[in-house]
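Quick notes on the structure that follows.
The values are calculated or read from the model by the stated rules, or taken from the named source; none is laboratory data. Since this is a predicted model, take the numbers as computed values, not measurements. Every residue, glycine among them, receives a Cβ derived from its backbone with ideal geometry; neighbour counts consider all protein chains shown. Accessible surface areas use protein heavy atoms only, side chains included; no ligands, DNA or RNA. Shrake-Rupley method; radii C 1.70, N 1.55, O 1.52, S 1.80 Å.
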Amino acid sequence: MYFIFGIFLAAGVVCGLVLHFRKKAVIREICGMSSCEKADRLCELLHPWGFTYLPSMDVLSSGKDAWQREFGYHAAFDRSATHFHMIFDCEPVYFDYLGETWLIEFWKGQYGINTGGEIGVYHAGRLLESNERENAHFQSVSDDQMLPLSMELTEGGRRIFSICGRHWWLTGFDVGRFSRPEELEMKASVTCPDREMAEAFVKGLLEAGYDRCELTLCDRTVSLLFDPPSSQHRCQRRLAQWSNRLWCFLYCWITGVFCSTLDRMLYLYLMLPFVFRRLVRFRKSNRQRCPGRQSGMGGCL
């Protein structure tokens, strides 16, 4: 009995020593890299998952060539998001332009262990009746249809990040930060190719419930404060948020030897690569499973 206990104790001590020296080696490796080397390394690791790293904001964002692009958008994704611990407020804005129905959607909230926001631009390929919109599959826009987008996400008046760029799916994710969607505010703007589209988009916003005094139309750019009431079930949100808060704590505890997202994520990859892979699958990698499938800006793409 004592012999078996001794074996387990010795094994525990050996594992502890291995982890200790492994941790020291990983810290030395990260500290020995320049900021550019670290950023390039993280971008390389994130690219297969459809994301990139923005040094100016120390956040993750989606790439224009993200593989998620091929799946487009279906409202079923938003309805099932809570099951994947993505607790967000969303606002789909539908409008007709150039003989087809377009969708520009806004999101903000908690995506697992990430506080984030998104703007997506999609089109249906044809005109849809009002009762078809929530069950239709929308395609991601092509390169020449991408729009200049910008967003600034704040919490309690303090900026989390601000990002701009010509994109089909502009996103920002602050890793390891826990937030309640209702406490987040997003200032967003969309620049359309012509006045006709801008006015059609404004009409869609009015139909979605916005008041005209809440919107700003300057030439071809529409600006708004996105802060809608929650559309997800309260009980499910509470349960998922409890889990999200716990995982945020564990992530910050494990990577606590560093302060920046850049260093923390590289440390996580080198120490626990399987956890890193699970982390970067947090957004829209489950889209295939859905029924229907298918203010100066500090960081610009």
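Take segment 117-167 and flag every residue that is of a type in the set (D, E, K, R), out of contact with any helix residue (DSSP H, G or I) (no Cβ under 6 Å at 6 or more places or on another chain) and in a helix (DSSP H, G or I). Steps first, please.
Quick first cut of segment 117-167, residues of a type in the set (D, E, K, R) only: 118, 126, 129, 132-134, 143-144, 152, 155, 158-159, 166.
With out of contact with any helix residue (DSSP H, G or I) (no Cβ under 6 Å at 6 or more places or on another chain) added as a condition, the list becomes 118, 126, 129, 132-133, 143-144, 152, 158-159, 166.
Selection gives Glu132, Arg133, Asp143, Asp144.
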message: Out of the residues in segment 201-252 meeting the condition of being of a type in the set (Asp, Glu) and open to solvent by less than 90 Å² (accessible area, probe 1.4 Å), tell me which one is farthest from Glu182 (Cα to Cα).
response: Asp211
field: Matching option when the condition is open to solvent by 50 Å² or more (accessible area, probe 1.4 Å), modelled with pLDDT under 95 and touching a strand residue (DSSP E or B) at 6+ places or on another chain (Cβ under 8 Å), among Ser56, Ser35
entry: Ser56
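Can you say whether Ala198 is surrounded by 19 or more Cβ atoms within 10 Å (Cβ to Cβ) and in contact with a strand residue (DSSP E or B) (Cβ under 9 Å, 6 or more places away or on another chain), as far as the supplied structure shows?
Working: surrounded by 19 or more Cβ atoms within 10 Å (Cβ to Cβ): yes; in contact with a strand residue (DSSP E or B) (Cβ under 9 Å, 6 or more places away or on another chain): yes.
In short, yes.
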- request: Would you point out the residue of segment 78-116, among those that are in contact with a helix residue (DSSP H, G or I) (Cβ under 8 Å, 6 or more places away or on another chain) and of a type in the set (Val, Ile, Thr), that is surrounded by the fewest Cβ atoms within 10 Å (Cβ to Cβ)?
  value: Thr82
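Let me confirm something: among Arg264, Arg237, Arg278, Arg220, which residue is more than 21 Å from the chain's Cα centre (by Cα) and modelled with pLDDT of 80 or more?
Working: Arg264 fails: more than 21 Å from the chain's Cα centre (by Cα); Arg237 fails: more than 21 Å from the chain's Cα centre (by Cα); Arg278 fails: more than 21 Å from the chain's Cα centre (by Cα).
None of the others qualify; the one that does is Arg220.
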- prompt: So is Asn131 within 17 Å of Phe77 (Cβ to Cβ), open to solvent by 30 Å² or more (accessible area, probe 1.4 Å) and more than 23 Å from the chain's Cα centre (by Cα) or not?
  reply: no
task: Restrict the check to segment 82-97 and report whether at least one residue is out of contact with any Asp or Glu (no Cβ under 9 Å at 6 or more places or on another chain), part of a loop (DSSP other than H, G, I, E, B) and at pLDDT 90 or above.
output: no
query: What pairs come up if the first residue lies in segment 154-171 and is at positive phi and of a type outside the set (A, V, I, L, M), the second is part of a strand (DSSP E or B) and open to solvent by 10 Å² or more (accessible area, probe 1.4 Å), and their beta carbons are under 8 Å apart, counting only those six or more places apart or on different chains?
result: Gly165/Pro148; Gly165/Ser150; Gly165/Cys300
- request: Please find, among Gly204, Gly172, the residue that is in a helix (DSSP H, G or I), under 30 Å from Arg234 (Cβ atoms) and at pLDDT 95 or above.
  value: Gly204
